[in-house]
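The structure appears below as structure tokens.
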Amino acid sequence: MTPTQLKSLAALLYPSIGTTPEYFEEKYPPRNLPEGAKVTRFAPSPTGFVHFGGMFPSTVSERLAHQSGGVFFLRIEDTDSKREVDGAEENIIKSYNSLGIMFDEGVTLNGETGAYGHYRQSDRKQIYQTYAKKLIEEGKAYPCFCAPEQLDAVREEQEKNKELPGYYGKYAVCRELTYEQIAGNINAGKSFVLRLRSTGDPDNKIKFTDLVKGNLELTENNIDHILLKSDGMPSYHFAHAVDDHLMRTTHVVRGEEWLPSLPYHIQIFAALGFRLPKYLHISQLMRMENGAKKKLSKRDNCAALSYYNTAGYPAATVREYVMTLLNSNFEDWRRANPAADINDFPFSIKKMSGSGCLFDFDKLNDVSKNVISRMSAHDVYVLLTEWAKENDPDYYALLTRDSEYAESILSIGRGGAKPRKDLTTWADAKQYMNLFYDELFGIQDMIPEKYDKNDVMNALQKFILTYNYEDVQSAWFEKIKDISESLGYASDMKEYKQNPEAFKGNVGDISMFIRVAVTGKLNSPDMYEVMRILGYNTVINRIKKFIKIL
Ligand code: GLU
């Protein structure tokens, strides 16, 4: 076609577009940022399911931007109207914000913010079509009128001939339509898609450096993929190029499932005369099932971002866990800086692994125990009550009935160099705290049968007689030692270990009798602290009741 025909063709296909690329280039100028500042984005599709996997590109993007004094924005990729779900955007924003992923620009809960919008792809149709017109005018894109049945037939033939599937070469029948033929189709009201006129050759290789995957050799794309669909909306590929160019993205962080389309993306950027951003393709999150690696599927409960909150994992746990998977040196850093803000960690692209990460509940739980153990009693109380409010209203009522009391329970073993690690999730807290509430208290563990009931009885009775709430810990323990001696149990562990036969048991056994009577459990936090919180009457009453059931 002649340049004049191409110009007419562009006008014929997208008659309502009066804007030019120059207009948008001027409207969205290069950003005025300090040297080295990175511009990144998170670009989810509002499908209604917020996948845990999204935490990886979003965390990397957020860190890269905010560590460099750049900009991180949220773009909603909603060009596939079939997949849209009500409330999905709100869900995305709230979920990520609650995990500390904060956007500087983009779609917000009540509109959008930033000078590079719109940030919803469905609002950018005019922009895509403006750039599409430019490609048509330059002979780089053409309309395709093939019906789905025709394309199916092509696919079948290609499968039969064991050929590369797709619209290319002799199969790309619309590639050579004349202006008159196209005009005839348009006048006849035929619908069309816009395709890239690929100049790639599958025998050629492109060298490419991905910042995570390293040096790659990719096969050139020879398929005339779709740029704009029949409804005039762009494909992901075309929209990505136009958007990341105009929003001045410097680093595209996305899942490795996009890597096979990269040669096509490189072509689109080149055809449009855009500079290619840097790319980081992140490995898929896998999990082990019956000894084999498997992609996290929607059916795995841990695949939903909402799962973690409901299960009672603090937001800080999820962030730390994600960072543990993203940067191999994070755990060492955390050990050396237990109190530091996670955002002080020097996140580095170089420390990212190019091969897949494995989701591991044991690791998650381990991270969570540590995260919770480092929190102050007050923070634990606040986060725990927030969780209980949503997930266990009765427990919430109990926790808020006397907040000071609840907080004093949560402060046991906290704050020192070696804090206790009793809680993995907020869901564990009720069981951990139940001994402090008469309505939840019950004898859960029994004293093992091997102990003489009379010894148990005597020890408990003696404890009742000598217990003084005012005793300091050492005095309190001396009394338990005295009781041990009086019943033929060693009060000194060293002595006991040297000659166990000389004793019926040791002070640990006597403490255990008291522990079971007072807490109902064989394991509990520090007994002295527990008794201080329970108060004299509760301690004595529980022991008396226990004696009765012996
Ligand atoms: N909407 C795409 C997705 O959800 C975004 C990929 C990208 O970040 O470019 O996979």
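For every residue, the table says whether it meets (1) closer than 24 Å to Pro448 by Cβ; (2) in contact with a strand residue (DSSP E or B) (Cβ under 7 Å, 6 or more places away or on another chain); (3) without any contact (Cβ under 8 Å) to a residue 24 or more places away in the chain.
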position	(1), (2), (3)
Asn468	no, no, yes
Ala475	no, no, yes
Glu478	no, no, yes
Ile483	yes, no, no
Met493	yes, yes, yes
Asn506	yes, yes, yes
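This table checks each residue for (1) closer than 30 Å to Thr385 by Cβ; (2) touching a Leu at 6+ places or on another chain (Cβ under 7 Å); (3) hydroxyl-bearing (Ser, Thr, Tyr).
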position	(1), (2), (3)
Glu289	no, no, no
Ser297	no, no, yes
Ala304	yes, no, no
Tyr308	yes, no, yes
Pro314	yes, yes, no
- Looking at Glu163, is it more than 22 Å from Ile17 (Cα to Cα) and in a helix (DSSP H, G or I)? no
- Message: Being buried (at least 19 other Cβ atoms within 10 Å of the Cβ) and of a type outside the set (D, E, K, R) narrows it down to one residue among Thr519, Thr538; which is it?
- Response: Thr519
- Examine segment 18-31 for a residue that is modelled with pLDDT of 95 or more and crowded, with 21+ Cβ neighbours inside 10 Å, and state whether such a residue exists. no
- Name the residues in segment 262-277 that are more than 10 Å from the ligand (Cβ to nearest atom), surrounded by 16 or more Cβ atoms within 10 Å (Cβ to Cβ) and assigned to a helix (DSSP H, G or I), would you? Leu262, Pro263, Tyr264, Ile266, Gln267, Ile268, Phe269, Ala271, Leu272
- Query: Taking segment 251-261 only, how many residues are more than 23 Å from the chain's Cα centre (by Cα) and either away from the ligand (no atom under 11 Å from the Cβ) or more than 20 Å from Ile206 (Cα to Cα) (or both)?
  - Reply: 1
- Message: Anything in segment 278-297 that is within 13 Å of the ligand (Cβ to nearest atom) and of a type in the set (S, T, N, Q)? List them, or say none.
- Response: Gln284
- Item | Those residues of segment 522-535 which are outside any helix (DSSP H, G or I) and surrounded by 13 or more Cβ atoms within 10 Å (Cβ to Cβ), in sequence order | Leu522, Ser524, Pro525
- Item | Which numbered condition Leu211 misses (of (1) more than 13 Å from the ligand (Cβ to nearest atom); (2) free of Cβ contacts under 8 Å to residues at least 60 places away in the same chain; (3) of a type outside the set (S, T, N, Q)) | (2)
- For helices (runs of 4 or more DSSP H) lying entirely in segment 359-404, having 3 or more residues that are crowded, with 17+ Cβ neighbours inside 10 Å and more than 20 Å from the chain's Cα centre (by Cα) picks out 377-391, 393-401
- Note on the structure: Log entry, pairs with first residue in segment 222-238 being in contact (Cβ under 8 Å) with a residue 60 or more places away in the chain and over 15 Å from Ala172 (Cα atoms), second being within 16 Å of the ligand (Cβ to nearest atom) and acidic (Asp, Glu), beta carbons closer than 7 Å, six or more apart or on different chains, reads Tyr236/Glu77
- Check Glu495 against each of (1) within 22 Å of Arg532 (Cβ to Cβ); (2) surrounded by 13 or more Cβ atoms within 10 Å (Cβ to Cβ) and name the one condition it does not meet. (1)
- Message: Filter segment 246-261 down to the residues that are part of a helix (DSSP H, G or I) and within 14 Å of Ala43 (Cα to Cα) and list them by number.
- Response: Trp258
- Go through segment 115-150 and give me each residue that's buried (at least 18 other Cβ atoms within 10 Å of the Cβ) and among the polar types (S, T, N, Q). Gln121, Gln129, Thr130
- Item | Residues of segment 168-222 satisfying the condition of being under 35 Å from the mean Cα position of the chain (by Cα) and either of a type in the set (Val, Ile, Thr) or over 30 Å from Ser355 (Cβ atoms) (or both) | Ile206, Thr209, Val212, Thr219
- Task: From Arg319, Arg334, grab the single residue that is crowded, with 18+ Cβ neighbours inside 10 Å, of a type outside the set (Ser, Thr, Tyr), free of Cβ contacts under 8 Å to residues at least 40 places away in the same chain and assigned to a helix (DSSP H, G or I).
- Result: Arg334
- Taking segment 444-491 on its own, how many of its residues are assigned to a loop (DSSP other than H, G, I, E, B) and basic (Lys, Arg)? 1
- Note on the structure: Residues in segment 306-343 that are basic (Lys, Arg) and within 21 Å of Gly416 (Cβ to Cβ) total 2
- Task: Looking only at segment 200-207, decide whether some residue is away from the ligand (no atom under 16 Å from the Cβ), assigned to a strand (DSSP E or B) and in contact with a helix residue (DSSP H, G or I) (Cβ under 7 Å, 6 or more places away or on another chain).
- Result: yes
- Message: Out of Asn309, Asn301, Asn343, Asn329, I need the residue that is touching a helix residue (DSSP H, G or I) at 6+ places or on another chain (Cβ under 9 Å), without any contact (Cβ under 8 Å) to a residue 12 or more places away in the chain and of a type outside the set (Val, Ile, Thr). Which one?
- Response: Asn301
- Query: For Ala241, all conditions in the list (1) without any contact (Cβ under 8 Å) to a residue 60 or more places away in the chain; (2) away from the ligand (no atom under 13 Å from the Cβ); (3) buried (at least 22 other Cβ atoms within 10 Å of the Cβ) hold save one; what is the number of the exception?
  - Reply: (2)
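The values are calculated or read from the model by the stated rules, or taken from the named source; none is laboratory data. Quantities reported herein were computed from a predicted structural model and do not represent experimental measurements. Every residue, glycine among them, receives a Cβ derived from its backbone with ideal geometry; neighbour counts consider all protein chains shown.
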